[in-house]
Amino acid sequence: YYPSECLDKERTIILAPKGSGIKVTKLDDLKGKRIGVVRGYAYGPEFNNHQGLKKAVCNDDDQLIKVFAKKRVELAAGMDEGSMRFLCKKAGIETEVVYVLEATVSYVAFSKAIGERGKILADKFGNALRQLKKEGFIEKVQGKYF
């Protein structure tokens with residue numbers, strides 16, 4: 001059983017330094033810009049197969065953030081917005097999302113094996129999560145990290 005409220009919206013994103021003035025409305029707007037990516041990551045078929053993008057390949061997220069901080073790339077592609085924003089904040093880099101490559105929602109699942117109790121737990125969890133979001137608690141906690 002799934003609650004009526006999603007836990008999180010996971011986004012694959014393109015980050016730019018805050019105040020860069022970079023505007024992206026479609027992938028072609030990225031042409032001519034150096035974009036840091038991580039080897040082996042899939043950023044979505046449209047981005048992965050797009051011709052004409054200058055991609056600087058890094059070995060992992062930490063290396064990508066270092067290259068981005070030193071301005072060896074203008075933009076950084078991230079598979080998980082939350083972890084990218086956390087790593088940037090940790091490195092002292094202020095960023096902004098300039099393009100969303102993909103977005104999916106995630107849920108907490110409750111087992112059907114426990115019968116009606118699973119459905120009740122899912123409903124209670126969804127209601128509590130919705131209330132926490134409404135009160136700003138989730139945003140406040142996330143603000144500590146990114």
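Computed over the alpha-carbon atoms, region 1-84 gives an Rg to Rh ratio of 1.02, Rh here being the Kirkwood radius from the mean inverse distance.
Could you please state how large a percent of the accessible area of the chain is carbon and sulfur, counting protein chains only and using a 1.4 Å probe? That fraction is 50 percent. Annotation: lysines with alpha-carbon distance below 16 angstrom to Lys133 (same-chain offsets under eight excluded): Lys9, Lys124, Lys144.
Here is the list for region 44-105: GluC sites (Glu not before Pro) lying in DSSP coil, each with at most 15 other C-beta atoms within 10 angstrom of its C-beta, are Glu94. Against the chain, whose longest principal axis comes from its Cα atoms, helix 116-134 is set at around 50 degrees. Reported to the nearest whole Å, the Cα centre-to-centre distance from region 66-115 to region 36-58 is 15. Projecting label points 7 angstrom from Cα along Cα→Cβ for Arg39 and Lys144 puts them 3.6 nm apart. In the full protein context, region 52-133 carries 60 Å² of accessible surface per residue, based on a 1.4 Å probe and ignoring ligands, DNA and RNA.
Extension gain for the segment Val24 to Gln131, taken as residue separation times 0.36 nm less the Cα-Cα distance, is 35.1 nm to one decimal. Multiplying the residue separation of Val108 and Ala91 by 0.36 nm and subtracting their alpha-carbon distance yields 3.0 nm. Dimensions of the chain along the principal axes, based on C-alpha atoms and rounded to the nearest Å, stand at 55, 31, 28, largest first. In the chain, the DSSP-assigned H stretches of four residues or longer account for a calculated mean residue ellipticity at 222 nm of -10500 deg cm²/dmol, using -39500 (n - 2.57) per stretch and the full residue count as denominator. Computed FRET efficiency, Cβ-Cβ of Asp8 and Asn59, R0 25 Å: what is it to the nearest 0.05? Step by step, r from the Cβ atoms, then E = 0.40. Mean sequence separation of contacting Cα pairs (under 8 Å, at least six apart), scaled by the length of the chain, corresponds to a relative contact order of 41 percent. What share of Cα pairs, in percent, lie more than 20 angstrom apart in region 84-146? The answer is 52 percent, as a whole percent.
The values are calculated or read from the model by the stated rules, or taken from the named source; none is laboratory data. Not measured: the values here are computed from a predicted model. Positions of Cβ are backbone-derived with ideal geometry, glycine not excepted, and every protein chain shown enters the neighbour counts. SASA here: full protein model, heavy atoms, side chains in, ligands and nucleic acids out. Shrake-Rupley method; radii C 1.70, N 1.55, O 1.52, S 1.80 Å.
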